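Comments concern the structure below.
The values are calculated or read from the model by the stated rules, or taken from the named source; none is laboratory data. Predicted model, so just to flag it, every value in this text is computed and none were measured. Here the Cβ is made from the backbone with ideal geometry for all residues, glycine too, and neighbour counts use every protein chain on show. Ligands, DNA and RNA are excluded from the accessible area calculation, which covers all protein heavy atoms including side chains. Shrake-Rupley method; radii C 1.70, N 1.55, O 1.52, S 1.80 Å.
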Amino acid sequence: MRVHPAIAALRSDLASQRRSQASMRTALNEWCGRSAVCDVQLEMRRFSNGEGLTDLPALAALTSDHKAASGWVREFCGTFIDALRDEPLGEVPMRHGSSAGFARLSVMQIGNAALSLCAYEPAEAAQAPQTAQFTDYETHEIVVAGAARGVFHSRQSQSQSQSQSQSQSQSQSQSQGGARSAIRSRAWRWSAGDYIVRRPLLDTRHILAVDRSTLILQLSRRSDHPKPSEEFRLKDGALVQQVSGDKRASEQVMALAVLGALDHRNAIEPMACFARDLSHDRDARWEAVRQILSLDTKRGMDLLCSFAGAAADPLARPAQELRAHLLASQPALRALFSEPV
C-alpha cells in the first residue's frame, strides 16, 4: 500500500495529531454554539419525540426552503473548511461513510432523529434496480445543489389496498404464492430546491444518474419500535426478504450466530427460552431456532413442535412448515422421536 509522505510523518508526530484533533473539536464547538444551530438542536429533540414539522419552524425551513437550507449548509461547511486550511490532515469529528459515487456525513443525531448531508458524484450509469426496499423511517430531503435522475417508488397503504377488489388481490397472491405489494414507480429528475418526502414503509427512491455533483440535506426519523424493512421485486411486487428494523435485534442475531459458531451447547436452553419469548424480535427468535437446530437437532425439532399450539405466535406457521419440510426431506429425523410424527 502506498502511503503519502505527509500521512507517514503524521503517524510519528503525536503533537501534530493532538493539534489537528483539537482544531477540529474547536471548529465543532464553535459551530454548535451558534444560535441557529441551537434552535435546530432543540427542535430535533422535539421532532424525535414525535412532533410534526408544522410545529417546528426552524427544522421545517431546513428541509423545504432552499435559501435557508443552502445558507445553513454553507455556514456548516465554511466552519470546517477554515479549520482544514490550517490542518489539512484533520478529520471532521462526525460519523461519516462513503462508497463509489456516494458519501454521507451525520451532522446531528438526537434520539430517533438524524440530520445528514448526502453527496452524490457523477459515475457510471447504474443498472435499473430489480428490487425496492421500504424502511420504517420518515424522511424529508431537500436538494441543496446539483441535479440527478432516478426512480421514486410508492407502495399502497393498507387502507388503499382494502379499498380495491379484495377477491382479485387475494386470488393473485394465492396463485403465485407469498406476500405481494402493489408498487408504483415513476422516473424522476431532481434539481436544486426540490423537496422530497418519503413515508415510512411506503416510499423509497433510487438515484441512477448524477448530472452534476448533488448535495442533499436529509432529515429522518425512525419509530421507537421500527417494523421490519421489506424488499419487493419490482416486476411483480413479490416480497423478497424482510430485515429487522430494530438495531438491538440485529445485535441479538449476531450474538446468537456467534454462540452457534462456537458450538456452545450450554447455551441451548437459554436460547430456547429466548425463542419462546414473544417480547423479542421475530427475526432474532427465529435465529435462535436455527442455531438450536444446528447444535442439537432433536431439541431443535422439539422446539419447532412447541410452537404448534400458539396460533397467535408469528413463528407458529413457519415453524410448522419448517418441521414438516425437514421430516419430508430427511426421513432419518423421524428416528429421533419415540412416537410417530
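Here are the numbers for this structure:
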item	result
Hey, ASP283 modelled with pLDDT of 90 or more and among the charged types (D, E, K, R) or not	no
Residue match in the range 300-314 (condition: within 30 Å of the chain's Cα centre (by Cα), under 20 Å from ALA249 (Cβ atoms), modelled with pLDDT of 90 or more and assigned to a helix (DSSP H, G or I))	no
Which listed residue is in contact with an Asp or Glu (Cβ under 9 Å, 6 or more places away or on another chain), open to solvent by less than 80 Å² (accessible area, probe 1.4 Å) and basic (Lys, Arg), from ARG265, ARG285, ARG323, ARG299	ARG285
Flag for LYS235 being within 14 Å of the chain's Cα centre (by Cα) and more than 30 Å from CYS77 (Cα to Cα)	no
Complete set of residues in the range 268-282 that are surrounded by 15 or more Cβ atoms within 10 Å (Cβ to Cβ) and more than 22 Å from LYS227 (Cα to Cα)	ILE268, MET271, ALA272
Filter result (more than 18 Å from ASN29 (Cβ to Cβ) and free of Cβ contacts under 8 Å to residues at least 40 places away in the same chain) within the range 73-84	ARG74
Qualifying residue in the range 132-142 (condition: over 20 Å from ARG199 (Cα atoms), open to solvent by 40 Å² or more (accessible area, probe 1.4 Å) and in contact with a strand residue (DSSP E or B) (Cβ under 7 Å, 6 or more places away or on another chain))	no
Filter result for GLN133 (over 13 Å from PRO200 (Cα atoms) and part of a strand (DSSP E or B))	no
Long-range neighbours under 6 Å by Cβ, at least six apart or interchain, first residue touching a residue at least 40 places away in the same chain (Cβ under 8 Å) within the range 284-308, second of a type in the set (A, V, I, L, M) and in a helix (DSSP H, G or I)	ALA284/ALA249; ALA284/VAL253
Residue among SER64, SER23 that alone is small (Gly, Ala, Ser) and either within 26 Å of the chain's Cα centre (by Cα) or open to solvent by 90 Å² or more (accessible area, probe 1.4 Å) (or both)	SER64
Long-range neighbours under 6 Å by Cβ, at least six apart or interchain, first residue among the β-branched types (Val, Ile, Thr) within the range 114-136, second open to solvent by 50 Å² or more (accessible area, probe 1.4 Å)	THR131/ARG233; THR131/VAL240
Members of the range 174-205 found to be within 17 Å of ALA238 (Cα to Cα), touching a strand residue (DSSP E or B) at 6+ places or on another chain (Cβ under 6 Å) and either modelled with pLDDT of 90 or more or open to solvent by less than 40 Å² (accessible area, probe 1.4 Å) (or both), listed by number	SER181, ILE183, ARG184, SER185, LEU201, LEU202, ASP203, THR204
Residue within the range 35-58 that is more than 30 Å from ARG199 (Cβ to Cβ), open to solvent by less than 50 Å² (accessible area, probe 1.4 Å) and assigned to a helix (DSSP H, G or I) present	no
Residue among ARG212, ARG222, ARG233 that is basic (Lys, Arg), touching a residue at least 40 places away in the same chain (Cβ under 8 Å), buried (at least 19 other Cβ atoms within 10 Å of the Cβ) and touching a strand residue (DSSP E or B) at 6+ places or on another chain (Cβ under 8 Å)	ARG222
Count of residues meeting criterion [under 26 Å from the mean Cα position of the chain (by Cα) and either of a type in the set (D, E, K, R) or not in a helix (DSSP H, G or I) (or both)] in the range 242-279	11
Condition check for ALA100: modelled with pLDDT of 95 or more, within 19 Å of ARG212 (Cβ to Cβ) and over 17 Å from the mean Cα position of the chain (by Cα)	no
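A quick yes/no check of all residues on (1) among the β-branched types (Val, Ile, Thr); (2) in a helix (DSSP H, G or I); (3) open to solvent by less than 20 Å² (accessible area, probe 1.4 Å); (4) touching a His at 6+ places or on another chain (Cβ under 7 Å):
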site	(1), (2), (3), (4)
VAL73	yes, yes, yes, no
THR79	yes, yes, yes, no
ASP82	no, yes, no, no
GLY97	no, no, no, no
LEU105	no, no, no, yes
GLN109	no, no, no, no
ALA114	no, no, yes, no
ALA123	no, no, no, no
